[in-house]
Amino acid sequence: MTEKFKGGTPWWVKGDLNGFFGLFSNVLTNFLAAIGLLIVIGMPNDIVFGNVVPGTAVAVGLGGIILALQAKMLSVKTKKSDVTAMPYGLSVPHYFVVAFGVIAVVYTATGDWQVAWGAGIVWNFIQGIIMTIGSFIGIYIKKYIPRAAMLGALAGLAITYIAMNPAGQVFTTPYIGLTSLAIIFVGWFALKKMPFGIPAGAFAIMIGTILAWVTGYMEPAAVGESLANVGLSLPGLAINLFGRGFQQIAPFLPAAIPLAIYDFLESLDNLESAEVAGESYNVPKAMLVPAGLTILGSFLGSPFPTIIYIGHPGWKSTGARVGYSWVTGVAILLLAFLGFMNFILSIIPLIALLPILMYIGMVITTQAFATTDKKHMPAVALSFIPLIAGFVTLQVKNAIAATGGTLDYGALASTGIPLLGWERLAAGDILVGMMIATIAIFIIDKKYLVSAIYSMIAAALAFFGFIHAPAIGFATGWQVALGYTAMALVLVIMNFYRPSDNHQLES
């Protein structure tokens, strides 16, 4: 073993088993969901399972291994034996967008799956390029955005997109979901040891799985069906599709750019979360992992970007260190290359895995408040609102689409549902959350001119459509830009009105 890997955190500790069950189930669930969307839009199985799955597995699996190596090196450098690797996997919002908003649209227009697939991988390639740029400028964003603003936006994301859907699923089958949730609470919050020393996460999944099979919740026929795609499937280059893909990509760039910005900002937030927990990773080096592997994945036929996940403090609190990351990476590679991706979830019910995501969401949300100055807590709460608006908007639109209804903003507004406003608020939600929290933090600190500057930055972002607008472009978000400009004017006036108040000490 080379000198730089000697000592530090062991490659595997007992707590890694807990972390592995949680992270692996999260990564695998997202992987299968992304694949499922391609099947839903009709992409042929030979492309999905012969090309997309192995190519995506390389991007996901290598990321888990590389981030484990980074954690090991950090532990050696800092002489700590309890360093936890950053969690990692597919970016959840992106696989919905690329499946329905890019690949399906191109196929409808061209009737050619090769062209549609090519558009998807070019879209992914562009995401990776923007994320690479973000890897270097992200550290400067971190310097000028308060920690409370970043953690607040992260917590808003955790409590909505990470915890809400799993919570809903848990209550669709509560006798399984709540049983698993109770075990996780007792094991990870109350720290009670499980029978035979089994890790709490593993025990929750075991009991949930037994309940599901005993009560007939699971379907034995699905196990046999899942074996249909078993067989060696290795990745291959798909660069030959880039030419046709680039011919189709122009209409999708306005959505690609903000989503890529979202990706590197979320990775940045999650690294900030780890720093709060005591582990300071090299930010550009860590952020280059999802950026570089997203580009590599596109070369191998994957349309799905990767990202550093939320949850480092949660995994750390369960005892996970380095092993849970590299073992997850290896497991994903093996399952994808051998064609067993569907087999695991045909045996283990998803409902038994989802409480783990609820736990992670709660830990992240708690951290945002626990590590924030008490006076800044209102700003943290404010940063949740764009994420909540985005979540609600998505659910309302999905519900209307699923029932075959027509989206009528006026009719919804008349019933007390301001969907247009929520949609506008939620555009670029994680960046919006960080900006409005930053504005609020500097107001609380009585730094009105600094707050006014951030208001004008938000106005510029809105004016050109990076936030609060359906597309990037000139004056696409001018209405909200005008609002931020008015806010800045108010703050400048307040700075000079009764200036002695600006220096009064808080009681």
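Among the residues of segment 263-284, is any of a type in the set (Ser, Thr, Tyr), crowded, with 24+ Cβ neighbours inside 10 Å, in a helix (DSSP H, G or I) and in contact with a strand residue (DSSP E or B) (Cβ under 9 Å, 6 or more places away or on another chain)?
Checked against the condition, which is being of a type in the set (Ser, Thr, Tyr), crowded, with 24+ Cβ neighbours inside 10 Å, in a helix (DSSP H, G or I) and in contact with a strand residue (DSSP E or B) (Cβ under 9 Å, 6 or more places away or on another chain), segment 263-284 yields at least one hit.
Could you list, in sequence order, all residues of segment 212-224 that are surrounded by 13 or more Cβ atoms within 10 Å (Cβ to Cβ) and more than 30 Å from the chain's Cα centre (by Cα)?
Trp213
Given the criteria part of a helix (DSSP H, G or I), closer than 20 Å to Ile141 by Cβ and at pLDDT 95 or above, does Gly292 qualify? Spell out how you get there, then give the answer.
Numbers: part of a helix (DSSP H, G or I): yes; closer than 20 Å to Ile141 by Cβ: yes; at pLDDT 95 or above: yes.
Here the answer is yes, as Gly292 does meet what is asked.
Give the residues of segment 296-315 that are open to solvent by 10 Å² or more (accessible area, probe 1.4 Å) and in a helix (DSSP H, G or I), sorted by residue number.
Leu296, Phe299, Pro313
Pull up segment 194-205, narrow it to residues that are without any contact (Cβ under 8 Å) to a residue 60 or more places away in the chain and under 13 Å from Ala182 (Cα atoms), then point me to the one that is surrounded by the fewest Cβ atoms within 10 Å (Cβ to Cβ).
Met194
Pick from Thr328, Thr318: which is polar (S, T, N, Q), buried (at least 24 other Cβ atoms within 10 Å of the Cβ) and at pLDDT 90 or above? Working first, answer last.
Details: Thr318 fails: at pLDDT 90 or above.
Of the residues listed, the single one that is polar (S, T, N, Q), buried (at least 24 other Cβ atoms within 10 Å of the Cβ) and at pLDDT 90 or above is Thr328.
Listed here are the residues, each with its yes/no results for (1) in contact with a helix residue (DSSP H, G or I) (Cβ under 8 Å, 6 or more places away or on another chain); (2) open to solvent by less than 40 Å² (accessible area, probe 1.4 Å).
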{"position": "Val40", "(1), (2)": "yes, no"}
{"position": "Asp46", "(1), (2)": "no, no"}
{"position": "Val52", "(1), (2)": "yes, yes"}
{"position": "Val60", "(1), (2)": "yes, yes"}
{"position": "Gln70", "(1), (2)": "yes, yes"}
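Tell me which residues, restricted to segment 214-242, are part of a helix (DSSP H, G or I) and touching a residue at least 60 places away in the same chain (Cβ under 8 Å). Steps first, answer last, please.
Step one: filter segment 214-242 for residues part of a helix (DSSP H, G or I), giving 214, 220-229, 239-242.
Passing the criteria: Ala222, Val223, Glu225, Ser226, Leu227, Asn229, Ile239, Leu241, Phe242.
Return the pairs, sorted by first residue and then second, in which the second residue is outside any helix (DSSP H, G or I) and surrounded by 24 or more Cβ atoms within 10 Å (Cβ to Cβ), the first residue lies in segment 306-318 and is in contact (Cβ under 8 Å) with a residue 12 or more places away in the chain and of a type in the set (A, V, I, L, M, F, W, C), the beta carbons are less than 7 Å apart, and the residues are 6+ apart or on different chains.
As it stands, the answer is Ile307/Ser91; Ile308/Met86; Ile308/Tyr88; Trp315/Thr84; Trp315/Pro87, since those pairs meet every condition given.
Consider Thr179 carefully, then state whether it is open to solvent by 20 Å² or more (accessible area, probe 1.4 Å), touching a helix residue (DSSP H, G or I) at 6+ places or on another chain (Cβ under 9 Å) and modelled with pLDDT of 95 or more. Spell out how you get there, then give the answer.
Values: open to solvent by 20 Å² or more (accessible area, probe 1.4 Å): yes; touching a helix residue (DSSP H, G or I) at 6+ places or on another chain (Cβ under 9 Å): yes; modelled with pLDDT of 95 or more: yes.
In short, yes.
List the helices (runs of 4 or more DSSP H) that sit entirely inside segment 390-507 and contain at least 1 residues that are among the basic types (Lys, Arg) and in contact (Cβ under 8 Å) with a residue 40 or more places away in the chain. Write out each step before concluding.
Details: elements: 409-414, 419-426, 429-444, 448-463, 478-496.
Counting at least 1 such residues, we get 419-426.
The values are calculated or read from the model by the stated rules, or taken from the named source; none is laboratory data. Here the structure is a predicted model, which is why all the values come from computation and not from measurement. All Cβ positions, glycine included, derive from the backbone under ideal geometry; neighbour counts span all protein chains shown. Just so you know, the surface numbers come from the protein's heavy atoms only, side chains and all, with ligands and any DNA or RNA stripped out. Shrake-Rupley method; radii C 1.70, N 1.55, O 1.52, S 1.80 Å.
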